[in-house]
Every structure is written in structure tokens, then in C-alpha cells.
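The values are calculated or read from the model by the stated rules, or taken from the named source; none is laboratory data. Quantities reported herein were computed from a predicted structural model and do not represent experimental measurements. Quick reminder, even Gly has a Cβ in these numbers, built from the backbone with ideal geometry, and neighbours come from all protein chains shown.
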Amino acid sequence: MGPSNLRGSLAGFLLINPRSGSGSTSADDLAQEANALGIETHILRDGDDAAGLARSADADTLGMAGGDGSLAPIAAVALERDLPFVCIPFGTRNHFARDLGIDRDDPNGALQAFGGTERRIDVGRADERLFLNNVSLGIYASLVHRREGHRRRRAAFARVRALGILLTHRQPLGISIDGVPVESRLVLAANNAYVLELPSLGERKRLDEGKLYLYCPDAEPSERSGARFVVDAAEHTLEAAIDGEPDVVSTPVEFRIEPQALRVLVPPERG
């Protein structure tokens, strides 16, 4: 490990998911760059418990280099330990990094966050599961599950299957929101508001508004905001996508916001 150039003698610990994304920077290259800055690194291997490694790390800052789905478990540990969290964009889309104001195409530059500016941002919870971006239930979650199941097949074939699901999946979820029945094929619980107009479609302008947003595009109202929502369904479980990763949630599921609960560090010029 090289001499520390960030945050004086304070110790940073960075986990790297080598299976995230397809950028030009390799996991080994990123680890080498981080070590030169005095950041301890661990490249994840099959079978590693990332959250356990973060929980036991002798560090004052916890970082995760990976896609959106890799971030929340480490952010949850940082919150538990009241340590700052660093997001290194190392995935395909890196939505959280973008909304945080970090250059999605420069993971090496994002390492400067270990000596950067601290902010406090909101986190969402689906029951006890922490999420940084959103949780979707319904048609989009079904697409994510099938994408994962066919990830090794040709991309064109996967797109055709996704289009077929969109065209044929017309049945509503049969859910209720806070006890009121809602006819919708999609529910999206979001940590802060998403922009729904071009050219910023899908972005969030703030991560510290202290509000949870619930979107049901084919229902009325199509948008709700608040601190807590309970979504129930006739089915005891629903396919979900949590920060873009396939999962299953039990119903009823409580969505809630924890305002400014998470300490995050961003590169100094982004502060």
C-alpha cells in the first residue's frame, strides 16, 4: 500500500465488484489506483460476504465500486456504523452516482471522494431492506427477473423477450396502497422525486428532500409522495427489482424514507 494522500491519517476501505459493468477500467487497475492513494481495497470473489467484510473493516470510511445493485448493502453498513459512504461508479448505468453528481465515466477520479466533501442524503427502506434509488413491483420487475435469467443469451433475443412481456403483460397487480385498491401494472417506490420529462427523464435533482415517491403510471393518481406507504397484494410475494437487482418481497411491504440518514462523500470539486 502506498502512502496516504487522502484525509490525512484516516483510513478508507473500498470493496470492488469485478463483475459490474463493462467499462475500460479493470478491477485490478482501480485497486492499484486506490492503493496508491492509501485506500485499502478488496476485490470481491465468489462466495464473499461483502456486507460482512465492510462490517469488520478497520476503517473510518466505507466505499463500494460497483453497479447500482452493489451499493446499498455497503451503504447500509456505513449507516449502521455511522461512517461516511463513498460510491465509485463501476457498473453499466450508475444512476446513483449520476444523481449524486459524480462523473459516471471516471471511477479513478471518483476515488478523490475519500478525501472529499461530506453530504447527508436520504435512504429508502422496503421493510428493513435499504435502497438508494428505487424499488419496482410489477411489469418492470418481471423484465429484470427475466433479463437476469437470460443474461447469457444474445442481447437481441433478450430485447425481443422484453418487448413481448410489455405487450402481453396487461393484468394489473391486484394491489392496495394504504388499504385502497389500485389497478396498476407497475408500482415504483423512489427515494426522492424522479424527473418525468425530457431531457432529464429518470434523473433526480435532489437526494435530501426527505420524501418517498410512489409512481403508478397507469393509475389515478399516478404519483404520491409522503414518508411512508404500505403496499399489499393478494399474492403473498411479488417479484421486485431493488436498485435494479431482481428480488422478491413479501406483502404487505412497508416503504418508508429515512431523511438525511446516510453520510456520503463526494469529490471536492463536486461538493
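Residues that are of a type in the set (Asp, Glu): list the strands (runs of 3 or more DSSP E) wholly contained in the stretch 178-233 that include at least 1 such residues.
Working: elements: 180-182, 186-191, 212-215, 223-226, 228-233.
Output list reads 223-226, 228-233.
Only residues that are basic (Lys, Arg) and either within 18 Å of ARG19 (Cα to Cα) or not assigned by TED's automatic domain parsing to the domain that holds ILE16 (or both): list them for the stretch 38-59, please.
ARG45 - this is the single residue of the stretch 38-59 that is basic (Lys, Arg) and either within 18 Å of ARG19 (Cα to Cα) or not assigned by TED's automatic domain parsing to the domain that holds ILE16 (or both).
Could you grab me the full set of residues in the stretch 223-271 that are of a type in the set (Asp, Glu) and over 21 Å from ALA65 (Cβ atoms)?
Passing the criteria: GLU223, ASP232, GLU235, GLU239, ASP247, GLU254, GLU258.
Every residue in the stretch 191-244 that is surrounded by 15 or more Cβ atoms within 10 Å (Cβ to Cβ) and acidic (Asp, Glu), please.
GLU209, GLU223, ASP232, GLU239, ASP243
Any residue at all in the stretch 103-113 that is in the same structural domain as LEU37 (by TED's automatic domain parsing), crowded, with 21+ Cβ neighbours inside 10 Å, touching a helix residue (DSSP H, G or I) at 6+ places or on another chain (Cβ under 6 Å) and farther than 14 Å from LEU15 by Cβ?
Within the stretch 103-113, none of the residues are in the same structural domain as LEU37 (by TED's automatic domain parsing), crowded, with 21+ Cβ neighbours inside 10 Å, touching a helix residue (DSSP H, G or I) at 6+ places or on another chain (Cβ under 6 Å) and farther than 14 Å from LEU15 by Cβ.
For ARG98, all conditions in the list (1) charged (D, E, K, R); (2) outside any helix (DSSP H, G or I); (3) surrounded by fewer than 19 Cβ atoms within 10 Å (Cβ to Cβ) hold save one; what is the number of the exception?
Condition not satisfied by ARG98: (2).
Pick from the stretch 60-92 the residues that are over 14 Å from the mean Cα position of the chain (by Cα) and outside any helix (DSSP H, G or I): which of them is surrounded by the most Cβ atoms within 10 Å (Cβ to Cβ)?
Result: THR61.
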